[in-house]
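The structure appears right after this line, and notes come after that.
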Amino acid sequence: MIDVSVSYNRYKFLGEEFLTWLWFVIEKDHTLLNELDPDGVQVAIGNRIVLENRHKDTVESITIKGDDAGLEEGVISLRKGAVVTEMNLSYKSGDHQWVFNLKGESLSFSGLKPPETAPIDRKEDIEGAVLEKIFLFDRVFSFVDKVFANFINLRVSNAWLEREVPRMRVWIAT
Amino acid sequence: METLVAGLKKNAIREIDEDPADKVVGWTSFEKPYQPDFEGNSLSIGTHWIFSLRIDKKKIPLKVVQKMCAQETFRKLTESGREFLSRNEKKLLRENVISTLSLRIPATPNIYDLIWNYEDACVLFLSNLKEANEELETLFAKSFKLTLIRLFPFTMADLNVGLTDADRDVLSTLTPTRFNE
């Protein structure tokens, strides 16, 4: 395997393409997400999205923030050649909701807010509370892992350029 | 489990409040981060080992260093009757000032929790800070003789997705897609 820092920088576009594709899937192909997580899952863009358009020597960064912010400017940026570099997401399953940020280059989570759990009143409750938190973390990590695996399988196949990218271009153009 | 506890104890955090050191990195326990205790049941929960990385740092304000250096320079010049200190003397004086201040300023602890699922051979580190992640990799290797592989888009694709060898070859040749026509 190639050096970690080299592969981090050389292939960070994979994470940014993943987030861009995920936005497309949320808008136009949500059934795919339900197939990957059949437990009545709903995924939506949250209150922040960051896009970057890299030219030869300059980087143009566009941040859209706000609970009810429209994403039209984001689509315009995509038309100009930008990709998504950070995204706030909401993941709902039944009555439970997780909110988190995903960064494209590292696919690291930040600001993860899992569903509320019962308060800890006694020392004996700590073990159960920790296990519950781990379960809740795992749930959303597994979901992102599954969606990313789906993306990578598509990305290394001919279907990426033959089918998926043309569909994304139509979405971006309209 | 014994190997884990031995590695944690050997590299447990030590207090540096009465030590001139300005930084220390070590393991601590999840439940008692200020009194590390790796005995008992608190370390193991289900199929997970849970403990924390602690990084203690002394932050001496630059202006305090400047003030103490100026006072110390004045004292030396007055005592010796000289007008200037050599570059070497100034350097030594600054080092002494920082060392003296380090003994007086308590270290600020930073605690980062870690969940090690030993059945899945997977470590979840609850921080994105570059320094904390680098210290984790170093201390983990030193303590347990195991190398952590950081998961980011390429390593996730290469190691976690279950690609065939042919697909992994394709992966390594990928270049960015242009989504605008």
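Bear in mind these aren't lab numbers, they're just calculated from the coordinates by the rules spelled out. Keep in mind it's a predicted model, so treat the numbers as computed, not measured. All Cβ positions, even for glycine, are placed from backbone atoms using ideal geometry, and neighbour counts span all protein chains on display.
Tabulated results
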| item | result |
| --- | --- |
| Total residues in region B:135-159, condition within 23 Å of B:P109 (Cβ to Cβ), within 11 Å of chain A (Cβ to nearest Cβ) and not in a loop (DSSP other than H, G, I, E, B) | 1 |
| Tally of residues being under 11 Å from the mean Cα position of the chain (by Cα), within 11 Å of another protein chain (Cβ to nearest Cβ) and not hydrophobic (A, V, I, L, M, F, W, C) across region A:65-116 | 4 |
| Test for A:F24: is it touching a strand residue (DSSP E or B) at 6+ places or on another chain (Cβ under 9 Å), within 14 Å of chain B (Cβ to nearest Cβ) and aromatic (F, W, Y) | no |
| Among (1) more than 21 Å from the chain's Cα centre (by Cα); (2) more than 18 Å from B:A21 (Cα to Cα) - the single one B:S143 does not satisfy | (1) |
| Number of positions in region A:55-71 that are over 22 Å from A:Y11 (Cβ atoms), in a strand (DSSP E or B) and hydrophobic (A, V, I, L, M, F, W, C) | 2 |
| Filter pass, B:D17 being in contact with a Pro (Cβ under 7 Å, 6 or more places away or on another chain), acidic (D, E) and not in a loop (DSSP other than H, G, I, E, B) | no |
| Odd one out for B:K91 among (1) over 30 Å from B:N128 (Cα atoms); (2) touching a residue at least 12 places away in the same chain (Cβ under 8 Å) | (2) |
| Considering residues of region A:73-124 that are in contact with a helix residue (DSSP H, G or I) (Cβ under 8 Å, 6 or more places away or on another chain), within 20 Å of A:A44 (Cβ to Cβ) and hydroxyl-bearing (S, T, Y) only, the residue surrounded by the fewest Cβ atoms within 10 Å (Cβ to Cβ) | A:S93 |
| A:I152 being crowded, with 18+ Cβ neighbours inside 10 Å and at the interface with chain B (Cβ under 10 Å from one of its Cβ atoms) | yes |
| Every residue from region B:161-173 that is more than 7 Å from chain A (Cβ to nearest Cβ) and surrounded by 11 or more Cβ atoms within 10 Å (Cβ to Cβ) | B:R168, B:D169, B:S172 |
